[in-house]
1. Among residues other than PHE296 whose Cβ falls under 14 Å from its Cβ, what is the net charge (Lys/Arg +1, Asp/Glu -1)?
2. Rounded to the nearest 20 Debye, what is the dipole magnitude of the chain about its Cα centre when Lys and Arg each give +1 and Asp and Glu each give -1 at the C-beta?
3. With a 1.4 Å probe and all protein chains kept in place, how do THR188, THR132 rank by accessible area, largest first?
4. How much accessible area per residue does segment 298-386 have, in Å², with a 1.4 Å probe?
5. With point charges of +1 on the Cβ of Lys and Arg and -1 on the Cβ of Asp and Glu, referenced to the Cα centre of the chain, which listed residue (VAL120, ILE59, THR318) lies farthest in the positive direction of the dipole?
6. From largest accessible area down, sort ARG156, ARG294, ARG344, ARG209; use a 1.4 Å probe on the protein chains.
7. Note down the net charge around HIS369, summing +1 for each Lys or Arg and -1 for each Asp or Glu among other residues with Cβ under 12 Å from its Cβ.
8. Hey, what angle do you get for helix 62-71 against the long axis of the chain, alpha-carbon based, 0 to 90 degrees rounded to 10?
Amino acid sequence: MNSALQCLNHVQPFFDYFRDTTSKSLLNDKNTGKETTSTFLVLYIKLIDSLCAAHDRHIVPIEFYMEFGRLASRFFNYHQHDSLEFLNILLDILHEDILTVSRLEQTIVSENFYGQISTVVTCKQCKKDLVTDDSFSFLPLPIPEANRGAVSSGTRSCKLDQCFQTFLQGEHIGNHGQWYCEHCHKLTDAKKTLNLKKLPPVLILQLKRFNYNLRSYAKNNTFVEYDLDNLDINEYVAQPDRDRGIRYDLIAVSNHRGNLIGGHYITYAKLPGTHDWYKYNDKWTIIENIRVARYFHTASTLADGSVLVAGGQANAATHLNSAELYNPSTGTWTITGSMNAAARSRHTASPFTNGLVLVAGGQANGATHLNSAELYNPSTGTWIITGNMNDA
């Protein structure tokens, strides 16, 4: 999240839009005069204001994070997620919210980030084309197969032009299922090609470094060379739609370190005005220690943003039934109700949509496996024993 937000915050017209009075006016419905019901839009504007006031301090946008997780539930955890996926969902939410509030046909999102691309499917029997026009907010550029992997003398490299050529080259349809031709009225082999029709003012490029092969988590570390300033990609736009006045300067990079299983994102971004480059990395801050030292415990994010830590071991012989709550806004821990059924470690904890947390199974003292389960109620801070599992 941090990496994607830092990239977005260096898009000058977009950042400025949410700072001036234009965006503030969106907080009031033009028809009713009442405050907007878009909680997310309010929180995003609040986030931008916080960044402007933070100076040398870091901020923890817990309210923004919680609301985003409510709208995109797969992000409602502390697992690693794709920064581009987060960015695209964020832009989509902002776009839809601004459309709803402003009742205009365009938004700051569509005006800056949306381009147009045509998909052309050509039947290999009748040679007729089916053309479909779509908008895009980013281009996923594959790295040419010939350049994958590393060599003993160093890392392989390729040009960004080669990535564009690979992305736009024709694709055969037929090896893994044919295409239904409406003119031939049957399944046929076909060729699919992509044509860029309109380039957006702000172009987001994704370099596809994973092949998503379930048998391998290998990452393609091919070095991709490109112009930092005045990048011209008009040769990849359909001839009638080219605008030679469009050039691109690099302003931000979200760089992933790691593999498909896990890793870390770091942003490098150019500060508008000074053109100095800055490195943005997550910052760890020492907070208050947990009240009871423990390991092999569980940690569950609750609906209000607090974190429930339950059970675990104090040492090899002592299992715990105690639980604590962490408040991210204050950085403090609070003792909450202890579990009733048994002290346990190596168990599971599953938050429900109704706010309750189910703790089940695990081990007790003497390496005894448990089949008991309990429900934690955040509103009362208490545990309720529920039905046992069939097997420990």
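1. With Lys, Arg at +1 and Asp, Glu at -1, the neighbours total +3.
2. Taking the Cα centre of the chain as origin, the dipole is about 940 debye.
3. Per-residue accessible area, sorted high to low, gives THR132, THR188.
4. On a per-residue basis, 44 Å².
5. Of VAL120, ILE59, THR318, it is THR318.
6. The ranking, largest first, comes out as ARG156, ARG209, ARG294, ARG344.
7. Spelling it out: positives minus negatives among the neighbours equals +1.
8. Tilt of helix 62-71: around 70 degrees.
The values are calculated or read from the model by the stated rules, or taken from the named source; none is laboratory data. Keep in mind that what you see is a predicted model, and the values were worked out from it rather than measured. Ideal geometry is used to build each Cβ from the backbone, glycine not excepted, and the neighbour counts take in all protein chains shown. For accessibility, only protein heavy atoms count, side chains too; no ligands or nucleic acids. Shrake-Rupley method; radii C 1.70, N 1.55, O 1.52, S 1.80 Å.
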